[in-house]
Amino acid sequence: MNSDYDFRIIRVLRRRLNLTLQGLASRAGLTYPTVESVETNKTMPSLKTLDSLAGALQISTCDLLGLAERRMVQRRRAQCEDQTPATRSDIGLDRCRVARYDKGKLIRVTAGAGDHVHVMGLHEDIHEFCYVLSGCVDLRIEDKTYRLESDETILFDGLLDHSYTQVEEGEYVTIHIPKDIRILEKLLEGREEEPQEPQ
């Protein structure tokens, strides 16, 4: 079995549709033993089998393979980022602790009042979530500013020039999610909130 793929994700998708193994097998036009051996990583399925399973699970074969490429459990330690040519002009990189997951990143920022973080060197073509854990922060995205307080979140296109200015000492987490995870596109299609004026 190729360790680059983990088809246990099929069980998760199957259960979301309230399907048994037999129900998925019937819907996909496959045998129970075939579906069971794929779902438990006993065999590497053919493209034809994956196509049948994806159709029965109501997703594309490409998306099924993408989900199977991502290990269901990964563990990383967040670390300070080393300066690279891409991050040399960044401000506040020393306040960031970064955990990398392939193209995705989880970044924890601890900052004091007045601290400024502008780290575009860490960005690729991603969606960015921000969750303020404590304190208050002004997030500038292009020419608009959004004031975020404890337990507030925001989602935006991470390629837009943006920076964070800490209003009150606190902590926030940003999550960089690659745009090839298509479901997030729908979240960004929602109506944009009016920015709040910094006080």
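Please treat every number below as a calculation from the coordinates, not as lab data. All figures in this text were calculated on a predicted structure; none of them were measured in a lab. Cβ: placed from backbone, ideal geometry, glycine included. Neighbour counts: every protein chain shown.
Key figures
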item	result
Most to least packed among 140-151, 102-113 [average Cβ atoms within 10 Å]	102-113, 140-151
Net +/- balance of residues flanking GLU36 in space, Cβ distance below 13 Å, scoring K and R +1, D and E -1	+3
The chain: calculated mean residue ellipticity at 222 nm from DSSP helix runs of at least 4, using -39500 (n - 2.57)	-6500 deg cm²/dmol
Residues with amide H under 5 Å from that of HIS127, placed H, sequence gap 5 or more	GLY158, ILE177, LYS179
Charge dipole magnitude, Cβ of K and R +1, D and E -1 - the stretch 10-108, Cα centre, debye nearest 20	380 debye
The stretch 38-55 - phi-based ³J(HN,Hα) in whole Hz, Karplus 6.51/-1.76/1.60, Gly and Pro as x	6, 5, 9, 6, 7, 9, 8, x, 6, 4, 5, 5, 4, 4, 5, 5, 4, x
Built amide H within the under 5 Å cut-off of VAL167, gap 5+	GLY114, CYS136, VAL137, ASP138
Matching label, Cα Rg over 2.2 N^0.38 Å computed from the structure shown, candidates (1) 0.93; (2) 1.55; (3) 1.28	(3)
Charge context of GLY23, other residues only, Cβ under 14 angstrom, K/R +1, D/E -1	+3
